[in-house]
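Accompanying notes for the structure given below.
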Amino acid sequence: MSTSEKPSSGSPASEKPTLAAEPDPRRWKALVFICIAQLMVVLDGTVVQIALPDAKVDLGISTANQQWVITAYALAFGGLLLFGGRIADLWGRRRALMVGLVGFALASALGGAALNQSMLFGARALQGAFGALLAPAALSLLTVMFTAPKERAKAFGIFGAIAGGGAAVGLLLGGLLTQVLDWRWTMYINVVFAAIALFGAIVEIKEPPRATDHTPGLDILGVILGGSGLALVVYGFSRAAEEGWGDTGTVICLIAAVVLLVAFVAWQARSPHPLLPLRVVANRARGGAYLSVALAVVAMFGSFLFLTLYMQVVHHYSPLSAGVAFLPMVGGMLVGSTQIAARLITRVPPRYLLVPGALLAACGMLLLSQISAESTRYWTVIFPALFLLGMGMGTVFMTSINLATYGVEPRDAGVASAMVNTSQQVGGAIGTALLNTIAATAAASYVTSHMASVRGPADAQSLQAEAMVHGQSIGFYVAAAILVGVALVAGLLIDVKRPIGEAHGAETETALA
């Protein structure tokens with residue numbers, strides 16, 4: 001791009017963030033409550049997984065229907081995220097956050113008091129719907145409240161650690177609540193989180209003034225096309241994990257998802273009030289950030305699934321012990337987000353953080369491939385691997401989330417934030433289905449090739465454990481390759497030449513699509 005050309009309005013590095021005349025002095029207190037709201041949403045993605053076996057017995061949930069405890073939430077959350085982000089832009093982020101918190105708390109209380117499986121499934125869907133409103137509202141509040149580069153780096157460092165490490169904390173909290181109290185407390189605990197965050201939203205959060213000369217209408221057709229398409233993506237991959245890729249329902253869902261999403265994009269280019277303005281995602285750097293988040297979550301969710309099964313099924317960890325075992329990853333996330341990315345993002349171009357961060361996480365995944373059926377190898381393999389994985393992922397998440405929302409027009413802050421959450425949700429669904437299928441196929445092949453060595457029940461049981469670990473090791477290799485792909489995406493697409501916030505306008509060179 002020549003220096004005489006006007007930089008693209010969609011470039012994160014070329015747009016000037018809207019600066020408030022005077023930053024709100026309560027913004028750091030507000031950050032605490034915004035992060036509590038985000039933590040609640042992230043926790044809910046994994047905290048229920050540990051409690052699922054107990055809930056299944058208590059409510060008489062069949063094996064065929066147990067997936068709906070997870071899927072009902074994922075469908076509503078993934079399908080409504082873009083709608084929730086746009087509502088936050090129209091209503092105001094603070095108001096959307098408060099409505100989302102109240103709704104999420106009520107849905108959680110309903111789920112905790114569930115008398116049967118239908119009541120629990122419905123409560124989980126309501127949680128997902130209100131989560132789709134409050135998650136983009138929380139992130140967009142950060143986007144408009146913290147505009148000074150150094151302050152923004154610190155705030156997003158903390159937020160990035162929660163966005164990445166919260167899932168691991170969910171496994172710990174789920175194990176603790178299930179083992180010490182009851183599975184229902186994995187739902188009731190959200191009421192406590194929501195009450196604290198709601199108090200902070202009322203007392204401490206003050207949204208910067210919004211422009212009143214631009215009040216776009218709501219794109220109803222876009223809501224239907226985009227929401228349905230995203231929901232079918234999530235459901236299609238979730239179904240693939242249960243039924244296989246050759247299942248007719250899986251194939252129909254994924255084909256329908258592609259058709260709906262193509263129609264959604266075509267409509268967004270023509271709609272007078274698009275749900276997702278294409279300027280938000282068309283920029284090369286911002287699009288690369290969204291893709292980096294999605295691919296990183298694909299790899300991370302696969303590792304959660306494998307390690308949980310490895311520790312609880314192969315080595316008989318209790319739910320609480322399995323949750324505690326993930327703590328090194330949380331520590332690594334904190335280091336990567338708050339000590340590495342937050343300190344360097346205003347000093348070096350973003351890809352100089354994303355590429356090393358993704359490669360460091362890949363090294364952690366490669367180390368995890370050395371797990372064994374004979375011994376947990378916790379201190380020699382799992383502990384250092386999880387710390388490396390967390391440190392790399394923390395760096396990637398903080399940098400990607402910051403870049404994905406940097407410089408976006410205030411009227412689009414909510415939907416840009418929703419795209420971050422959408423990338424995470426779709427990535428999680430794909431990662432669970434894809435890596436689970438790869439691991440299951442490798443395990444089945446291992447059993448077939450070693451069946452001749454079985455001499456009795458003890459040998460058969462040992463072979464099953466060895467096959468599971470073998471499949472998981474293959475899965476970790478694939479996850480490591482995906483993280484190398486994140487490094488390639490970041491290196492090739494995110495060609496922002498200067499640190500975020502160092503310069504604006506024509507002085508900042510960017511790689512534009």
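A few notes on this one:
- Evaluation of Ala413 against the conditions (1) within 21 Å of the chain's Cα centre (by Cα); (2) modelled with pLDDT of 80 or more; (3) of a type outside the set (S, T, N, Q) shows that the sole unmet condition is (2).
- The range 1-40, residues that are under 18 Å from Ala404 (Cβ atoms) and at pLDDT 75 or above: Ile34, Cys35, Gln38
- Scope the range 55-81; condition hydrophobic (A, V, I, L, M, F, W, C) and over 14 Å from Val233 (Cα atoms); matching residues: Ala55, Val57, Leu59, Ile61, Ala64, Trp68, Val69, Ile70
- Matching entry among Gly428, Gly407 (being under 27 Å from Ile340 (Cβ atoms), assigned to a helix (DSSP H, G or I) and not charged (D, E, K, R)): Gly428
- Check on Asp44, surrounded by fewer than 19 Cβ atoms within 10 Å (Cβ to Cβ), assigned by TED's automatic domain parsing to the domain that holds Ala125 and either basic (Lys, Arg) or touching a residue at least 40 places away in the same chain (Cβ under 8 Å) (or both): no
- Total residues in the range 337-347, condition assigned to a helix (DSSP H, G or I) and out of contact with any Leu (no Cβ under 8 Å at 6 or more places or on another chain): 5
- Filter result for Gly174 (modelled with pLDDT under 80, assigned by TED's automatic domain parsing to the domain that holds Val415, under 21 Å from Pro410 (Cα atoms) and crowded, with 20+ Cβ neighbours inside 10 Å): no
- Set side by side, the residues Leu90, Leu43, Leu110, Leu115 differ, and just one is part of a helix (DSSP H, G or I), modelled with pLDDT of 85 or more and hydrophobic (A, V, I, L, M, F, W, C), which is Leu110.
- Listed by first and then second residue, the pairs with beta-carbon distance under 7 Å, at least 6 apart or on different chains, first residue in the range 436-453 and assigned by TED's automatic domain parsing to the domain that holds Thr308, second modelled with pLDDT under 85 and of a type in the set (D, E, K, R), are Ser453/Asp459.
- Lone unmet requirement of (1) crowded, with 23+ Cβ neighbours inside 10 Å; (2) over 19 Å from Pro319 (Cβ atoms); (3) among the hydroxyl-bearing types (Ser, Thr, Tyr) for Ser62: (1)
- Within the range 348-373, tally of residues that are crowded, with 24+ Cβ neighbours inside 10 Å and not in a helix (DSSP H, G or I): 2
- Just one of the numbered conditions (1) within 22 Å of Leu126 (Cβ to Cβ); (2) surrounded by fewer than 17 Cβ atoms within 10 Å (Cβ to Cβ); (3) not aliphatic (A, V, I, L, M) is not true of Gly226: (2).
- Within the range 108-146, the set of residues being over 26 Å from Ala416 (Cβ atoms) and surrounded by 24 or more Cβ atoms within 10 Å (Cβ to Cβ) comprises Ser108, Gly111, Leu120, Arg124.
- A single entry from Ser292, Ser318 fulfils the requirement of being assigned by TED's automatic domain parsing to the domain that holds Pro499, among the small types (Gly, Ala, Ser) and either surrounded by fewer than 19 Cβ atoms within 10 Å (Cβ to Cβ) or more than 29 Å from Gly157 (Cβ to Cβ) (or both): Ser318.
- Subset of the range 260-272 (residues that are hydrophobic (A, V, I, L, M, F, W, C), part of a helix (DSSP H, G or I) and over 22 Å from the mean Cα position of the chain (by Cα)): Leu260, Val262, Ala263, Phe264, Val265, Ala266, Trp267
- Residue check for Leu275: part of a loop (DSSP other than H, G, I, E, B) and farther than 30 Å from Leu176 by Cβ: yes
- Matching residues, the range 315-336, being over 17 Å from Trp379 (Cα atoms) and part of a helix (DSSP H, G or I): Pro319, Leu320, Met333, Leu334, Val335, Gly336
- Some residue of the range 131-142 being small (Gly, Ala, Ser), more than 17 Å from Val297 (Cβ to Cβ) and without any contact (Cβ under 8 Å) to a residue 40 or more places away in the chain: no
- Condition check for Ala155: within 28 Å of Pro410 (Cβ to Cβ) and in contact with a Gly (Cβ under 8 Å, 6 or more places away or on another chain): no
The values are calculated or read from the model by the stated rules, or taken from the named source; none is laboratory data. Source: prediction; values computed, not measured. As a convention, Cβ positions derive from the backbone with ideal geometry for all residues, glycine included, and neighbour counts pool all protein chains shown.
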